[in-house]
Amino acid sequence: MSSKHCSSCKQLKPLTDFHNDNDRRDGKTNWCKLCNKKRYLKYCRTKKGLINQIYNNQIGTSKKRNHYPPDYTQEMLKEWIISQSNFDQLYKDWVASDYDTSLRPSPDQLDDSEPYTFDNLQLMTWGENKQKGYDTRRKQRVATVDANNETKAKCKPFEPVTFDNFIDCFKHASDFIKCNKTIVYIFKINELFLATNTRNNGKPILTLTSYN
């Protein structure tokens with residue numbers, strides 16, 4: 001047998017259009033893949049399916065961020081979401097929009113660096129949640145650039161290395177290295193301190209000289 005009828009759409013389809021199911025005599029599900037997909041999508045648009053999907057996403061996000069999993073069960077999350085004063089309106093607006101992703105109800109973490117807890121959640125639309133995350137990351141990037149520029153401004157040009165000032169120069173070089181994220185290797189051959197450095201686009205970032 002190379003084909004079968006789908007119990008949902010009643011169409012005759014090749015067996016490749018059905019998922020495997022070892023509990024069935026023919027080894028295939030009764031519903032075709034397309035009908036199963038439609039059924040799952042319909043379920044995800046119900047309140048129960050929406051909350052189930054949200055909870056699974058939170059577990060996945062926690063793993064990705066190396067956080068502890070949510071400190072609540074799926075049933076507890078369901079009670080929390082339904083108890084939010086704006087949930088019913090958010091859900092109605094999402095349905096009325098023909099399930100526009102940007103209007104989908106979405107629990108947002110007040111602090112992304114902390115695990116999922118009810119004290120760290122607020123309910124908004126998926127679009128608002130996405131924009132909030134984008135704004136937060138942009139502010140973090142700006143703050144990082146400003147901090148790096150401030151640190152680099154404090155670094156003075158490196159002076160030549162001599163036996164008398166080697167220790168001080170090496171400490172100074174270490175500060176400079178941290179600012180520019182480069183690596184300098186200093187080694188000793190026959191009482192002479194030599195230095196090599198990494199390069200940035202073929203141009204030396206830091207040059208150390210040594211004298212007898």
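Name the pairs whose Cβ atoms lie under 7 Å apart, with the first residue in region 91-107 and of a type in the set (Asp, Glu) and part of a helix (DSSP H, G or I), the second surrounded by fewer than 15 Cβ atoms within 10 Å (Cβ to Cβ) and at pLDDT 95 or above, and 6 or more positions between them or separate chains?
Between residues of region 91-107 that are of a type in the set (Asp, Glu) and part of a helix (DSSP H, G or I) and residues that are surrounded by fewer than 15 Cβ atoms within 10 Å (Cβ to Cβ) and at pLDDT 95 or above, there is no close pair.
Taking region 70-86 as the region of interest, how many residues are in contact (Cβ under 8 Å) with a residue 40 or more places away in the chain, surrounded by 13 or more Cβ atoms within 10 Å (Cβ to Cβ) and in a loop (DSSP other than H, G, I, E, B)?
Of the residues in region 70-86, 2 are in contact (Cβ under 8 Å) with a residue 40 or more places away in the chain, surrounded by 13 or more Cβ atoms within 10 Å (Cβ to Cβ) and in a loop (DSSP other than H, G, I, E, B).
For region 35-51, which residues satisfy the criterion of being surrounded by 15 or more Cβ atoms within 10 Å (Cβ to Cβ) and of a type in the set (A, V, I, L, M)?
Leu50, Ile51
Can you tell me which residues in region 86-120 are farther than 16 Å from Gln53 by Cβ and in contact with a Leu (Cβ under 9 Å, 6 or more places away or on another chain)?
Correct list: Asn86, Asp93, Ala96, Ser97, Gln109, Leu110, Phe118, Asp119, Asn120.
The values are calculated or read from the model by the stated rules, or taken from the named source; none is laboratory data. Note that the structure is a prediction, hence the values are computed from the model and not measured. Neighbour counts run over all protein chains shown; Cβ positions are idealised from the backbone, glycine included.
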